[in-house]
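Everything below concerns the one structure shown next.
The values are calculated or read from the model by the stated rules, or taken from the named source; none is laboratory data. Model, not experiment: these values are computed from the prediction. Ideal geometry is used to build each Cβ from the backbone, glycine not excepted, and the neighbour counts take in all protein chains shown.
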Amino acid sequence: MLSIKDLTVNVNDKQILKGINLEIKPGEIHAIMGPNGSGKSTLSHVLSGKAGYTVTGGSATYQGKDLLEMSPEIRAREGVFLAFQYPVEIPGVSNIYLLKAALNSIRKHNDQPEVDAMDFLTLVKEKVCLLEMDEKFLYRAVNEGFSGGEKKRNEILQMAILEPKLCIMDETDSGLDIDALKIVAEGVNSLRSAERSFVMVTHYQRLLDYIKPDFVHVLAQGRIVKSGGPELALELEEKGYGWVEDNQAAA
Amino acid sequence: MNTATATRYAVKYQAIASALPGQTLPWLQTLRAEALMAFSESGFPSPREEEWRYTNVSAIEKKLFSPSISLPAGSIDAQWLKSYQLQDAWVLVLVNGHFSAELSVLDDLPEAVSVMSMAEALAKQPDQVQKHLGLATAQSEHGFVAFNTAWFTDGLFVHVPAKQVLDRPIQLLHIVTDADIMSTTRNIIIVDEMAEAKVIEIFIGVYSATSSEIVADNAYLTAAVTEVYVGQNADLTLYKMQSESEKAYHFGGSYIKQARDARFTHHNFAFGGLLARSDIHADLDHASECELNGLYLGSKRQHIDNHTRINHLKPYAVSREVYKGVLDDRARGVFQGRVIVAIDAQQTDSQMNNRNLLLSDDAEADTKPQLEIYADDVKCGHGVTVGQLDEKSIFYLQSRGIDEETARNMLTFAFANEMVDKIKIKGLHDMVLEQVLTRFPQEGVNKEWL
Ligand SMILES: Nc1ncnc2c1ncn2[C@@H]1O[C@H](COP(=O)(O)OP(=O)(O)OP(=O)(O)O)[C@@H](O)[C@H]1O
Ligand SMILES: [Mg+2]
């Protein structure tokens, strides 16, 4: 699905990612944990094509294609989805319109006809229900005036409707109370399939109680310093990031 | 000032003076003569005047526009007119500055409510007109007001008596059908104590009876002045949309006097004209509320100037102002917003905001908020921005599969539409939205986005 090799990235001439290696196979869930400022969002942004990052070396291959060559919208249409750490408010553009435009852009890319208006409404309502959101959110401007938790849920709503192949979730759990977290986790779990992969950036082991990862990676100072199974998250929670960083320094 | 221009206009004036309405009224004759004199001395405003420093009207001076002496012959395509005429409204149509009874719809007016042409008001209610004409603004304001006072051929007169709440809006439709003419109209709107009304003023470009469409490349001059009197605790909403033709010159001034507790809301949509200037000047009394909204769209070489002045004369008044501009190509947008808080106007609460989006490197926005505060216990704020679209928002849309160009268009359109959405009259909302869509600097804008 996604193969990242020796990826190095600069922001304003400062190296932020210092050689990332990551193999993600279809159906896998990878959790990325790490201290603030270690480069987790940078990695998410680079994978989804945000401007302002300079790739200075390495590669990212997505379904056999050079991901880094593609424009952000082409990546989205090819099935890459980023659930933002800080979703952007877009006053004046309605949520439901964006959902429809997004879905149709993907369908068009795959030579499918535009979605039928009735089918679309049925689909959207089903997913709104799944995420226990109020239908009113559909007719409001994208994220405008949404609470932090509502914005995160809206990201997962989009993800559930667009059915991407590679879901990158940047701290979707931050700012969610336990009830909201369970709902979001349920939404994500309903999307799990043998063809769909997830990259979940998180600070908290708690999320992983509800969405069980196949692999856990620790990102520190722009490098993946440790990888393991779900038990690594528990160990991290117990011992803190200092533990891996110390180990790293010792090695 | 170019005195030659003033002299040329003075000569023209003699030729049509007798055809102007109200010429049997000595007070009006005197007023017009004084105005003509004032105009001969001052001419059109010059950029040397502080309130005109960003707008040079010498292009208007260089031309000699001719007044239309009477209603032009030839019918106006009813189908075309319909797209601008509101249903469920009293509609008064002025063609080249002259009232067309045939095109107007003034049936079923409530008793004691006056909605009529200025010429008719001068004949039937000269005292009311005399009391209000030149009270909210004077020819000393600037050359356009003097010019208008000397020349006005007709206009709209509205009087809503106390406690009367109009259930339909009043629409004034300005149509110009020929090149090189000047349409000079004067309106008076009086809303007495506790009364409520909505008045809509629409200016549309040259209409050609033969081709059934707007002929975009004709130059003409609109010089319209509206005086507004909002009585104690009364409520008036005034909408203005100028969608003049591409080469037209437009001056439109609204001068408002608000009584104690009076509420006034203005929506100003400035889309057309090669050079267009609006004045919106309001005088506020004790606890008056004044809301000014504006949207201007400029492309090609358009120059669109909006000048607002809010005079807080007494305590406890509230003013809110939001103007937005979208400028493309070599267009230039000007916003000058003055707020004057008199020494007695304690507890004034005033907010002013002007935001501009520049879509090309050659577009320009000049924005100048001016706060002149003489009272010491007030809450006054202002903010201006001139900029490009937010890159974070563009990326967010792209990350959902929307291509960059469409993302930019969506954000620009949404920015402008915020002002359209403030219109609470459905038919007008849709009409303005249609104009925004056709006038929008960018292609491919879609109202489904909203
Ligand atoms: N535009 C930028 N200009 C300068 N430095 C930047 C920029 N964007 C990110 N950085 C720096 O890059 C580093 C990594 O930031 P990033 O946002 O990727 O961290 P993170 O791991 O996501 O942190 P958090 O857990 O707080 O979300 C930080 O030191 C940050 O200050
Ligand atoms: Mg982050």
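For A:I156, are the conditions met, namely being within 14 Å of chain B (Cβ to nearest Cβ), more than 16 Å from ligand 1 (Cβ to nearest atom), part of a helix (DSSP H, G or I) and β-branched (V, I, T)?
Criteria met by A:I156.
Given the conditions (1) surrounded by 18 or more Cβ atoms within 10 Å (Cβ to Cβ); (2) within 14 Å of chain B (Cβ to nearest Cβ); (3) not acidic (D, E), and given that A:A117 satisfies all but one, which numbered condition is not satisfied?
(1)
Looking only at residues in the range B:401-418 that are more than 7 Å from chain A (Cβ to nearest Cβ) and out of contact with any helix residue (DSSP H, G or I) (no Cβ under 7 Å at 6 or more places or on another chain), which one is nearest to B:G325 (Cα to Cα)?
Among them, the one singled out is B:T412.
Please go through the range A:187-212 and give me each residue that is aromatic (F, W, Y) and within 16 Å of A:Y241 (Cβ to Cβ), ordered by number.
Correct list: A:Y204 only.
Quick check on the range A:159-186: of everything there that is in contact (Cβ under 8 Å) with a residue 60 or more places away in the chain and away from ligand 1 (no atom under 16 Å from the Cβ), which residue is surrounded by the fewest Cβ atoms within 10 Å (Cβ to Cβ)?
Checked the range A:159-186; the qualifying residue surrounded by the fewest Cβ atoms within 10 Å (Cβ to Cβ) is A:K165.
Report, by residue number, each residue of the range A:64-74 that is assigned to a helix (DSSP H, G or I) and either over 9 Å from B:R400 (Cα atoms) or more than 8 Å from chain B (Cβ to nearest Cβ) (or both).
Selection gives A:L67, A:L68, A:E69, A:I74.
Mind telling me which of the residues B:F157, B:F152 ends up being buried (at least 24 other Cβ atoms within 10 Å of the Cβ) and within 23 Å of B:L236 (Cα to Cα)?
Just a single option satisfies the conditions, and that option is B:F157.
Output the residues belonging to the range B:85-128 that are farther than 18 Å from B:L71 by Cα, among the hydrophobic types (A, V, I, L, M, F, W, C) and in a strand (DSSP E or B).
Once the filter is applied, which keeps residues that are farther than 18 Å from B:L71 by Cα, among the hydrophobic types (A, V, I, L, M, F, W, C) and in a strand (DSSP E or B), the range B:85-128 yields B:W90, B:V115.
With respect to B:V318, is the statement that it is more than 14 Å from every other protein chain (Cβ to nearest Cβ), at pLDDT 95 or above and under 23 Å from the mean Cα position of the chain (by Cα) true?
Yes, satisfied.
Just to be sure, is A:A51 within 21 Å of A:E155 (Cβ to Cβ), within 16 Å of ligand 1 (Cβ to nearest atom) and not acidic (D, E)?
yes
Can you name every one of the strands (runs of 3 or more DSSP E) wholly within the range A:1-50 that holds 2 or more residues which are under 21 Å from A:L234 (Cα atoms) and within 13 Å of ligand 2 (Cβ to nearest atom)?
Hits in the range A:1-50: A:29-33.
Could you say whether any residue in the range A:8-25 is within 9 Å of ligand 1 (Cβ to nearest atom), β-branched (V, I, T) and surrounded by fewer than 22 Cβ atoms within 10 Å (Cβ to Cβ)?
yes
Does A:A60 meet the test of being in contact with a helix residue (DSSP H, G or I) (Cβ under 9 Å, 6 or more places away or on another chain), within 16 Å of ligand 2 (Cβ to nearest atom), in a strand (DSSP E or B) and more than 14 Å from chain B (Cβ to nearest Cβ)?
In short, no.
Any residue in the range B:43-68 that is small (G, A, S) sitting within a Cβ distance under 7 Å of a residue that is in a loop (DSSP other than H, G, I, E, B) and surrounded by fewer than 19 Cβ atoms within 10 Å (Cβ to Cβ)? List the pairs, counting only those 6 or more apart or interchain.
Partner pairs satisfying both residue conditions: B:G43/B:M1; B:G43/B:N2; B:S46/B:M1; B:S66/B:D180.
Anything in the range A:127-158 that is exposed (fewer than 12 other Cβ atoms within 10 Å of the Cβ) and charged (D, E, K, R)? List them, or say none.
Residues satisfying the conditions are A:D134, A:E135, A:K136.
So which of B:I373, B:I402, B:I394 is in contact with a Ser or Thr (Cβ under 9 Å, 6 or more places away or on another chain) and either of a type in the set (F, W, Y) or under 30 Å from A:F81 (Cβ atoms) (or both)?
B:I402
Take the residues in the range A:39-57 that are in contact (Cβ under 8 Å) with a residue 40 or more places away in the chain and touching a helix residue (DSSP H, G or I) at 6+ places or on another chain (Cβ under 9 Å), then tell me which one is nearest to the other protein chains (Cβ to nearest Cβ).
Here the residue is A:S48.
In the range A:82-98, what residues are away from ligand 1 (no atom under 16 Å from the Cβ) and not in a loop (DSSP other than H, G, I, E, B)? Write out each step before concluding.
Step one: filter the range A:82-98 for residues away from ligand 1 (no atom under 16 Å from the Cβ), giving A:89-98.
Result: A:I90, A:P91, A:G92, A:V93, A:S94, A:N95, A:I96, A:Y97, A:L98.
With the requirement that a residue be closer than 21 Å to A:Q158 by Cβ, within 28 Å of the chain's Cα centre (by Cα) and of a type in the set (A, V, I, L, M), what does the range B:396-450 give you?
B:M410, B:L411, B:A414, B:L450, listed by residue number.
Give the range A:76-100 a look and list any residue that's crowded, with 21+ Cβ neighbours inside 10 Å, over 13 Å from the mean Cα position of the chain (by Cα) and within 29 Å of A:V55 (Cβ to Cβ), or say none.
A:R77, A:I90, A:L98
Being among the aliphatic types (A, V, I, L, M) and within 16 Å of ligand 2 (Cβ to nearest atom) narrows it down to one of A:M118, A:M169, A:M133, so name that one.
Working: A:M118 fails: within 16 Å of ligand 2 (Cβ to nearest atom); A:M133 fails: within 16 Å of ligand 2 (Cβ to nearest atom).
Just a single option satisfies the conditions, and that option is A:M169.
Does B:N268 satisfy the condition of being among the polar types (S, T, N, Q) and in a loop (DSSP other than H, G, I, E, B)?
No: the conditions fail for B:N268.
From A:T61, A:T42, grab the single residue that is at pLDDT 95 or above and within 13 Å of ligand 1 (Cβ to nearest atom).
Values: A:T61 fails: within 13 Å of ligand 1 (Cβ to nearest atom).
Of A:T61, A:T42, the one residue that is at pLDDT 95 or above and within 13 Å of ligand 1 (Cβ to nearest atom) is A:T42.
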